[in-house]
């Protein structure tokens, strides 16, 4: 298994910090702005930033001959479904709750390997799946129990996590001879085109000029999330076994929950704390399980 260098570990540390803080940033940005349109503007800015970085690095953005469909196949779960569903979930839920649900992803990665790739699963991994589903079910039940709850938002967040988990496994098992920054650029290009179309179809009547908070969120996501975090993440996903890469970011939902409480004044409920413990426990059991499928 590929070992992370000190540079990789530093990049990973910043990725965890930036992604953790982005949950309340996204929540604040879409309070008064349609979520798909917010994502579309962020992605357009992200494409420009990635293109500039690639030019400065003299990295080729060319897709190898015959690999266009492979890029599309990777983009759909890793970018399109994840980003469209999770931003709708963030709109409906608290930022911390959306983060907790979004980071059930490692468990979905294990399930995807089992169901779609014939991986063997260890009993501790099964325990992890059970704990994560209990945590997600607890949040879902509490959404149904309150009039102000948003069970649809919970389902969107879980759909996003499942797609990302499957995409992480698919990324590791796909052979593609192109730089990670190029792969990120073209997956983001496809996703941006579809997201722009969806925002026109579903949100055109809601379009308003972004306020200062939304513009700040757009810039943060364009430069920090898409031009930095996604490139680093896809590098990890290509280098490491799926379970290891997905669990390497397990601190993000914790940061998302407490940064939301700090930045937005959100008050986590007891269900959030219990669900967070269950899901972190699930991630730990999966991480400790022998990764025979990844050898």
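Laboratory data are not the source of any read-out in this text; all were calculated from the coordinates shown. Keep in mind that this is a model prediction, so the values were computed, not measured. Cβ placement follows ideal geometry from the backbone for every residue including glycine, while neighbour counts extend to all protein chains displayed.
Quick rundown of the values:
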| item | result |
| --- | --- |
| Value of [θ]222 nm, deg cm²/dmol, for the chain, DSSP H segments ≥ 4, -39500 (n - 2.57) each, nearest 500 | -23500 deg cm²/dmol |
| Nearest-0.05 FRET efficiency for residue 141 and residue 216, computed from C-beta distance (R0 30 Å) | 0.30 |
| Packing rank of 51-63, 98-110, 228-240, where each peptide gets the mean count of other beta carbons within 10 Å, highest leading | 98-110, 228-240, 51-63 |
| Segment 6-294, relative contact order in percent, only Cα pairs under 8 angstrom and at least six apart counted | 41 percent |
| Computed over segment 1-65, Cα set: Rg, Dmax in Å | 16.0, 45 |
| All Cα pairs of segment 31-118, percent lying beyond 17 Å | 66 percent |
| Full-extension gain in nm, residue 115 to residue 269, via 0.36 nm per residue minus C-alpha separation | 52.0 nm |
| Span from the segment 55-109 Cα centroid across to the segment 20-41 one, whole angstrom | 16 Å |
| Relative packing of peptides 258-270, 198-210, 164-176 - highest average C-beta neighbours within 10 Å first | 164-176, 258-270, 198-210 |
| For segment 150-251, alpha-carbon Rg relative to the globular expectation (2.2 N^0.38 Å, N residues) | 1.25 |
| Proxy reagent accessibility, fewest Cβ within 10 Å first, across 272, 177 | 177, 272 |
| More than 24 angstrom apart: percent of Cα pairs within the chain | 49 percent |
| Rg to Rh quotient for segment 69-108, alpha carbon positions, Kirkwood Rh | 1.06 |
| Residue 204 paired with residue 14, simple spin-label distance in nm, labels 7 Å along Cα-to-beta-carbon | 4.0 nm |
